Amino acid sequence: HNKGKRFSLQDFELKTAELSALCWRRYNGPIYLITDTEGEAYFKNKGLEYAYDGILPLLENINHGINPVKYWASGKIEALKMLKTPCAIIDLDLIVWKPLELHNSKLTVAHIEHLADFVYPPFSYFNMSKRYLFPTEWDRNVEPFNTAFNYIADEELKEYYVKEAIRFMQFERDTVDDGVKCMVFAEQRILGMCAQARGINAETLIDYDNIDAPQNYITHIWSAKPLLFIEKELRSEYIDLCTRKIEALKKQGVKNAV
């Protein structure tokens, strides 16, 4: 993905990750960066080790035979496999701005997504190994979950989801892909179907059908990244805003959550 160069992030991505970690520690408790040894060295070199309660290079040489280019978010699923519930997986480009009440939730995600074929094609689209069968208990009409934020408190659901997501990624065979369809099926659609099969309803942080409505729970810059890459003035303004918020958090003290 990086044209042969070593791992790196854009300046605005680093600022977002720093702010995300500090916000989480301030309002919701400990946060760890789960990565490999190169990711660990990179974040330490950038001076961001302080933002986390720890940087854990647990993903070194662990991919269960999964293609890491096609399945670029598979590290999140590998990380979740190692964790005990309750736990939350948070994308580097997502910021949680306030304490979250998750005590009564078995599953909380960023939001639902609709089954649009250009993102979530039918099962028949995927070229699977002859040794693979889709689970018969999966309801193919269940809407996927956006897992930029993924809190799971049910251990059986976590184990079921991780097992099925990894199994799909292992047995998928050269499906024509645009860099999205295979990954979001494994990570997001499978979670929705696994939850439904276990009778678990997901809570959501924001309403996807009213995505532009004012809310103060989360900021997810995923859709803004292409613009931030090319618009220097906007990028500079965004970095300045993040920097001001980071400095304010430092003054407040970042370990306020119980």
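The values are calculated or read from the model by the stated rules, or taken from the named source; none is laboratory data. These figures come from a predicted structure and were not determined experimentally. So basically every Cβ, Gly included, is an ideal-geometry build from the backbone, and we count neighbours across all protein chains shown. Side chains included, ligands, DNA and RNA excluded: accessible areas come from the protein's heavy atoms. Shrake-Rupley method; radii C 1.70, N 1.55, O 1.52, S 1.80 Å.
Values computed for the structure shown
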item	result
Spatially close lysines, pair count over the range 29-173: Cα under 12 Å, gap of eight or more or interchain	4
J(HN,Hα) series, the range 209-214, from Karplus relation 6.51 cos²θ - 1.76 cosθ + 1.60, nearest Hz, glycine and proline x	6, 9, 5, 8, 5, x
Coil-residue GluC sites (Glu not before Pro) of the range 128-218, DSSP, other Cβ within 10 Å capped at 14	Glu137
1.4 Å probe accessible area per residue over the chain, in Å²	54
Where Val176, Val96, Val69 fall by accessible area, highest first, once all protein chains stay in place (1.4 Å)	Val176, Val69, Val96
Anisotropy class of the range 156-201 from Cα gyration tensor, a/c 1.5 cut	prolate
Percentage relative contact order, the chain, counting C-alpha pairs under 8 Å, at least six apart	28
Solvent exposure ordering (accessible area, 1.4 Å, most first) of Val142, Val180	Val180, Val142
Surrounding net charge for Arg173, when Lys and Arg each add one and Asp and Glu each subtract one, Cβ distance under 15 Å	+2
Beta bridges per DSSP with both ends in the chain, % antiparallel, nearest 5	70
Carbon plus sulfur fraction of accessible area for the chain, probe 1.4 Å, in percent	50
Unit charges on C-beta of K, R, D, E only; dipole of the range 125-207, Debye	420
Selection of trypsin sites (Lys or Arg not before Pro), the range 128-192, meeting DSSP coil and at most 16 other Cβ within 10 Å	Lys130, Arg131, Arg140, Arg173
Given charges at beta-carbon only (K, R positive; D, E negative), |dipole| of the range 83-234 in Debye	540
Answer label, with semi-axes √(5λ) of the Cα gyration tensor in Å calculated from the coordinates and candidates (1) 26, 24, 16; (2) 34, 20, 17; (3) 30, 21, 19	(3)
Filtered GluC sites (Glu not before Pro), the range 1-105: DSSP coil and at most 16 other beta carbons within 10 Å	Glu60, Glu101
Estimated dipole of the range 33-108 in Debye, rounded to 20 [Cβ of Lys and Arg +1, of Asp and Glu -1, Cα centre]	260
